[in-house]
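The values are calculated or read from the model by the stated rules, or taken from the named source; none is laboratory data. Owing to the predicted nature of the structure, the values given are computational and were not obtained by experimental measurement. Here Cβ is always computed from backbone atoms with ideal geometry, including for glycine, and neighbour counts include all displayed protein chains. Calculation scope for accessible area: heavy atoms of the full protein, side chains included, ligands and nucleic acids excluded. Shrake-Rupley method; radii C 1.70, N 1.55, O 1.52, S 1.80 Å.
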Amino acid sequence: MTVKVAVIYYSSTGTVHALAQAVAEGAASAGAEVRLRRAAELAPAEAIDKNPLWRRHADATASIPVAELDDLLWADALAFGTPSRFGTPAAQLKQFIDQAGGLWRDGLLADKAATAFTSAYNRHGGSESTILALSNVFYHWGAIIVPPGFTDASVFAAGGNPYGAVATGGQGADDPALAAARFQGQRLARFALRLKGAPVAAGVAGSA
């Protein structure tokens, strides 16, 4: 038995993209089938062009498929990533989530495993409140929230955030943050397997 994990994210200059790739790698390492999807860009081209890092990243990731509602239906487990915008998710990811009202109404998002990750320039720059804001979405959907918790050494090495993997500073995601994100993806996939009733192999790092 396998599970399907959709990693859906928004990233302007690449930090959350790197975290999303690490989450996807972690889920795949646990045997999951993974879709990596980016939220559609809402900013006008002239705004992107004013920031060389933003333009470079937009061009470099243009081949990554844009997230569709079908990705939510396809997945057994969901991982949402976004930069922190004043302590809340970026508008691009929120706009995608706002399209899912019909799926929520029909109960099609209930009982899926879900987790969230983010980035912020400062360590206390709103990362935890951004993840908690995404958790509010999961509550409404009836999803099963799967945080990393303090269940693996990688969480402590990355700064000790039990809510979800976080990258801080303006230099992108460092190795400890990426390791924590990989663990988070692995943990999400393992719990999605449990929700489907599949046995989980003994000895997997961080197994509860």
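A P(r) calculated from all alpha carbon pairs of segment 63-140, with 10 Å bins opening at zero, reads 18, 51, 27, 5 percent. Note on the chain: with charges restricted to the Cβ of Lys and Arg (+1) and Asp and Glu (-1), its dipole about the Cα centre is near 240 debye.
Dipole size of segment 25-82 about its Cα centre, with +1 on Lys/Arg Cβ and -1 on Asp/Glu Cβ: approximately 260 debye, rounded to the nearest 20. Counting only residues at least eight positions apart within a chain, or on another chain, the aspartates and glutamates with an alpha carbon under 16 Å from that of LYS4 are GLU25, GLU33, GLU68, ASP70, ASP71, ASP76, ASP111. Would you mind telling me the share, in percent, of accessible area of the chain contributed by carbon and sulfur at probe 1.4 angstrom? Result for the chain: 54 percent of the exposed heavy-atom area is carbon or sulfur. Ordering PHE96, SER119, ALA62 by Cα displacement along the dipole of the chain toward the positive end leaves SER119 in first place; charges were set at the Cβ atoms of Lys, Arg (+1) and Asp, Glu (-1). Place a point 7 Å from Cα of HIS140 in the direction of its Cβ. Which residues in segment 66-109 have their backbone N less than 12 Å from it? It comes to 94-105, nothing else.
Here the peptides 30-43, 180-193, 73-86 are ranked by packing, the mean other Cβ count within 10 Å, and the order with the highest first is 180-193, 73-86, 30-43. The order of the peptides 100-106, 165-171 by mean Cβ neighbours within 10 Å, most packed first, is 165-171, 100-106. Here the gap between ALA157 and ILE64, fully extended at 0.36 nm per residue and compared with their Cα-Cα distance, gives a gain of 30.5 nm. Taking 1.002 mPa s as the viscosity and 20 °C as the temperature, the Stokes-Einstein diffusion coefficient of segment 1-123 based on its alpha-carbon Kirkwood radius rounds to 143 µm²/s. Length gained on full extension, ASP174 to LEU42: 44.8 nm, using 0.36 nm per residue less the C-alpha separation.
Here is the tail figure for segment 91-208: Cα pairs spaced more than 26 Å apart come to 24 percent of all pairs. In angstrom, the C-alpha Rg and Dmax of the chain are 15.9, 52.
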